[in-house]
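Worksheet: the structure to be examined is printed underneath.
The values are calculated or read from the model by the stated rules, or taken from the named source; none is laboratory data. In this text the structure is predicted, and so the values were computed from the model without any measurement. Glycine also receives a Cβ, built like all others from the backbone with ideal geometry; neighbour counts cover every protein chain displayed. Surface areas here come from the heavy atoms of the whole protein model, side chains and all, with no ligands, DNA or RNA. Shrake-Rupley method; radii C 1.70, N 1.55, O 1.52, S 1.80 Å.
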Amino acid sequence: MTQKPLVMVVESEAIICMEAVDLVKDAGYDVIDTSNADNALQILHSRNDIRAVFTDINMPGSLNGMELAHFVRKRWPHIRLMVTSSPPQSDNFPANWRYIQKPYAPEQVTTALRSLNI
């Protein structure tokens, strides 16, 4: 059996996180989720199988989602990035990223993930 690529969803709102996890699974990927950037970094440091991070920009903790995305880009350049917010909070996006605005439709998540070639 072929293993599906693993996507990390980072979202502080529980209901939105559950919906995002379902959308990523429905798009054909395995998912791990967490509620903030601090936990995301702990997970990223402990695993080498994460292929993409799907993060909200607005989050509590020591880093917001944009800062997380930039950190991931520098530390793990092979990990693909997908960023979401409503409305966009920045124009300082990291290289090789995808942005989808909240609220997003299922096909937007699927299209963005597939465009990352993970």
For the stretch 65-75, Karplus couplings with θ = phi - 60° (6.51, -1.76, 1.60), whole Hz, Gly/Pro x: x, 5, 5, 4, 4, 5, 4, 4, 4, 6, 7
Output wanted: per-residue J couplings in Hz (rounded whole) for the stretch 99-105, from phi through Karplus 6.51 cos²θ - 1.76 cosθ + 1.60, θ = phi - 60°, x for Gly and Pro. 10, 10, 8, 7, x, 10, 8
In a Debye calculation with equal point scatterers on the alpha-carbon sites of the chain and no solvent, what is log10 I(q)/I(0) at q = 0.12, 0.17, 0.23 Å⁻¹? -0.35, -0.74, -1.53
Using a 1.4 Å probe over the heavy atoms of the protein chains, calculate the carbon and sulfur portion of the accessible area of the chain as a whole percent. 49
Sorted by chain and then number, the residues having a modelled amide H within less than 5 Å of the amide H of residue 36, at least 5 places away or on another chain, are 11
Listed residues 101, 117, 83: farthest to the positive end of the dipole of the stretch 11-118 (Cβ charges): 117
Might you tell me the accessible area per residue for the chain, computed with a 1.4 Å probe and given in Å²? 53
Let's see if you can work this out: charge +1 on each Lys and Arg Cβ, -1 on each Asp and Glu Cβ, no other charges. What is the dipole magnitude of the chain about its Cα centre, in debye to the nearest 20? 520
